[in-house]
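The values are calculated or read from the model by the stated rules, or taken from the named source; none is laboratory data. For clarity, every value in this text was computed on a predicted model and none was experimentally measured. Using ideal geometry, Cβ is built from the backbone for each residue, glycine included, and neighbour counts are taken over all protein chains shown.
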Amino acid sequence: MTLRLLGCEACASCDKVRLSLGRMALDCERVAVAHEDRRAIERISGQPLAPVLCDEDRVVPDSTRILRYVVARYGERGLLPAGPAEQALAWIVEDYADEVLGPLVRAVLEGRSASGEAPAGRDRKEVDKHLETQFRNLEQLLSARGFMLGTAPCLADIAVFAFLRHLVRQGGSEVSAGFPHLKAWYARMDALG
């Protein structure tokens, strides 16, 4: 098995795949690609978006497609919780991280509104308010358990963590003490990876 992952260092989606492959104990050669120069990715996959996984002659772009591919090919190997309902929830949370949390984090880091424009004061407040709502939701979810879907980390945790870690590292902030369960979960996840 020769897996090669092309990705950018400051990329939450790339982190999600790296952390997931690590959780699955899959050896993978990592190829760092500069965010500003993605020609290597384009040559291999025909498109500029990171990450891209190469598995022998197979080229798989897009973080979710990569994760679905490796689970189908190599088994879930500790990435997914037991049981089909819990596994479906893990994929739903992974999609939430990509489609809700990720755009909010990018909007905060890039200083724009959720619609993509440079924010006026009110728009920026709306983005911050929406992000705080997501933090409250995550706080409630984690108030009854150590990880998103139970007692062990899984895909759901990795997906959410990758975007929050991106916010913390790139945004120079931290998870507020006003969200103690989320803050403790973040520390547990950070210690794992």
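Some points to look at:
- Only residues that are within 17 Å of Leu167 (Cβ to Cβ) and out of contact with any strand residue (DSSP E or B) (no Cβ under 9 Å at 6 or more places or on another chain) were counted in the range 1-26, giving 5.
- Test: residue in the range 104-119 that is touching a residue at least 12 places away in the same chain (Cβ under 8 Å), under 23 Å from Met24 (Cβ atoms) and either of a type in the set (A, V, I, L, M, F, W, C) or surrounded by 16 or more Cβ atoms within 10 Å (Cβ to Cβ) (or both): no
For (1) of a type outside the set (D, E, K, R); (2) at pLDDT 95 or above; (3) out of contact with any helix residue (DSSP H, G or I) (no Cβ under 9 Å at 6 or more places or on another chain), each residue gets a yes or a no:
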position: Pro51; (1), (2), (3): yes, yes, no
position: Pro61; (1), (2), (3): yes, yes, no
position: Tyr74; (1), (2), (3): yes, yes, yes
position: Gln87; (1), (2), (3): yes, yes, no
position: Asp98; (1), (2), (3): no, yes, no
position: Leu101; (1), (2), (3): yes, yes, no
position: Ala107; (1), (2), (3): yes, no, no
position: Glu110; (1), (2), (3): no, no, yes
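- Looking at Gly150, Gly146, just one residue is under 16 Å from Ala184 (Cα atoms), at pLDDT below 95 and not polar (S, T, N, Q), and that residue is Gly150.
- Qualifying positions in the range 171-193 - surrounded by fewer than 17 Cβ atoms within 10 Å (Cβ to Cβ), more than 26 Å from Met24 (Cβ to Cβ) and either touching a residue at least 60 places away in the same chain (Cβ under 8 Å) or hydrophobic (A, V, I, L, M, F, W, C) (or both): Gly171, Ala177
- Verdict on Leu21 being aliphatic (A, V, I, L, M), part of a loop (DSSP other than H, G, I, E, B) and in contact (Cβ under 8 Å) with a residue 24 or more places away in the chain: no
- Selection within the range 119-139 - farther than 15 Å from Arg106 by Cα and either of a type outside the set (D, E, K, R) or at pLDDT below 85 (or both): Ala120, Gly121, Arg122, Thr133, Phe135, Asn137, Leu138
- Among residues of the range 147-172 being in contact with a helix residue (DSSP H, G or I) (Cβ under 7 Å, 6 or more places away or on another chain) and small (Gly, Ala, Ser), the one that is farthest from His35 (Cα to Cα) is Ala156.
- Qualifying residue in the range 25-37 (condition: charged (D, E, K, R), free of Cβ contacts under 8 Å to residues at least 12 places away in the same chain and not assigned by TED's automatic domain parsing to the domain that holds Ile158): yes
- Residue satisfying condition, being surrounded by fewer than 19 Cβ atoms within 10 Å (Cβ to Cβ) and within 19 Å of Gly193 (Cα to Cα), within set Val31, Val17: Val31
- Sub-9 Å Cβ pairs linking a first residue in the range 81-98 that is without any contact (Cβ under 8 Å) to a residue 12 or more places away in the chain to a second residue that is surrounded by 14 or more Cβ atoms within 10 Å (Cβ to Cβ) and outside any helix (DSSP H, G or I), at least 6 apart or interchain, are Ala82/Gly150; Gln87/Glu76; Gln87/Leu80; Gln87/Pro81; Gln87/Cys154, ordered by first then second residue.
- Of all residues assigned to the range 150-157, none qualifies as being in contact with a His (Cβ under 7 Å, 6 or more places away or on another chain), closer than 22 Å to Leu80 by Cα and exposed (fewer than 13 other Cβ atoms within 10 Å of the Cβ).
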